Amino acid sequence: MFLAIAQCPVFRGIDPDRIEALLKAVHYSVRQYASGDIIALKGSRMTSLMIGVDGVLSAETIDSAGKTLRIDKIKAPALITPFCLYAPHNVLPVNISAHTPASVLSIGRDDFTGLLMQDRTLLTNFLEIVSARDKVLTDRVVYMAYKTIKGKYANYLLNKMETEGTSFRNDLSQREMADLFGVTRPALARAIGEMCAEGAIYVSSKQITILFAEKLKQYAKN
């Protein structure tokens with residue numbers, strides 16, 4: 001188990017033997033879940049840090065029409081909603097369920113705080129993870145300001161062009177970009193296809209080439 005946990009970003013750079021020693025110094029539990037099992041309910045208080053050890057988890061919510069919406073898919077090993085743990089209003093904003101058979105390790109907040117104080121690498125990793133999540137939320141707010149999908153995608157590409165030039169690899173999948181923009185994947189795929197047909201960009205697998213930056217700037221105004 002400790003070898004699997006060592007692959008979790010929060011333990012990046014920490015030897016598995018060190019991880020084992022850290023965890024054995026605190027109280028923790030590991031539970032197994034079958035596909036479809038509820039792990040934690042929206043609105044419940046987050047009093048423990050949860051780590052997906054293996055399997056795939058889903059973060060979901062229910063809209064006003066009673067339809068279940070998947071917000072995120074969490075592939076273990078990974079932290080589960082770590083940004084809630086130290087929040088003043090530390091309640092879970094989504095339901096967490098097992099998308100596949102999975103196991104989850106839980107550490108009480110006080111015990112985890114003690115671990116952060118013992119290991120500087122662990123502390124740094126945790127702060128980076130929480131900060132990265134905050135940036136994702138900020139980016140989503142920014143993209144919501146653009147009315148059209150082409151505008152959202154064009155702004156994304158123009159930002160990438162500033163740091164990576166006119167040809168670069170896009171590591172985000174269309175599903176991840178759609179989630180970032182707050183749109184559906186098919187709608188994003190259509191918009192990308194139209195932008196290619198209009199000569200603004202060329203897309204080959206994950207490689208994107210910007211052919212007409214001025215066209216992107218026009219999209220970004222909408």
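Please tell me if Gly151 is in contact (Cβ under 8 Å) with a residue 12 or more places away in the chain and on the phi > 0 side of the Ramachandran plot.
For Gly151, the condition - in contact (Cβ under 8 Å) with a residue 12 or more places away in the chain and on the phi > 0 side of the Ramachandran plot - is not met.
Restrict the check to region 56-76 and report whether at least one residue is of a type in the set (Val, Ile, Thr) and part of a loop (DSSP other than H, G, I, E, B).
Looking for residues that are of a type in the set (Val, Ile, Thr) and part of a loop (DSSP other than H, G, I, E, B), one finds none in region 56-76, hence no.
Anything in region 191-206 that is within 26 Å of the chain's Cα centre (by Cα) and in contact (Cβ under 8 Å) with a residue 40 or more places away in the chain? List them, or say none.
Ala191
Values in this text are rule-based calculations from the coordinates and carry no lab data. Keep in mind that what you see is a predicted model, and the values were worked out from it rather than measured. As a convention, Cβ positions derive from the backbone with ideal geometry for all residues, glycine included, and neighbour counts pool all protein chains shown.
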